[in-house]
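Here's the structure we're looking at; comments come further down.
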Amino acid sequence: MRIITRILTFIALCISCAWLYFDRSFEPALTTVVSLSALISTFLFKESSASGSSQSQNLGDESQGIQAGGDINIDIGTSGDKGKE
């Protein structure tokens, strides 16, 4: 996936450089700078691996923690519903 991103940003940089060559104004110059910074950022930042990801949680005394891999909803009801089934 990273190689595709690098190729696409390089193509965008080439197009924006050609645009800047034929039309010397602010918009093509800004596009060239943004395209160049996007290409450089693909080399600077490393991919995060999903296998190395983990979850951690710190709890205080007499507390409960719930850890889930996705969205979770906790419905404790209202105080008047406790003990009723």
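Observations
- Within the range 43-70, the residues that satisfy the criterion of being under 22 Å from Arg2 (Cβ atoms) and either modelled with pLDDT of 85 or more or acidic (Asp, Glu) (or both) are Phe43, Leu44, Glu47.
- Qualifying residue in the range 16-38 (condition: in a helix (DSSP H, G or I), modelled with pLDDT of 80 or more, exposed (fewer than 10 other Cβ atoms within 10 Å of the Cβ) and under 23 Å from the mean Cα position of the chain (by Cα)): no
- Output for the range 24-42, where each listed residue is under 12 Å from Arg6 (Cβ atoms) and without any contact (Cβ under 8 Å) to a residue 24 or more places away in the chain: Ile40, Ser41
The values are calculated or read from the model by the stated rules, or taken from the named source; none is laboratory data. It should be emphasised that the depicted structure is a prediction, and the values quoted were computed from it without experimental measurement. Reconstructed Cβ throughout: ideal geometry from the backbone, glycine too, with neighbour counts over all protein chains shown.
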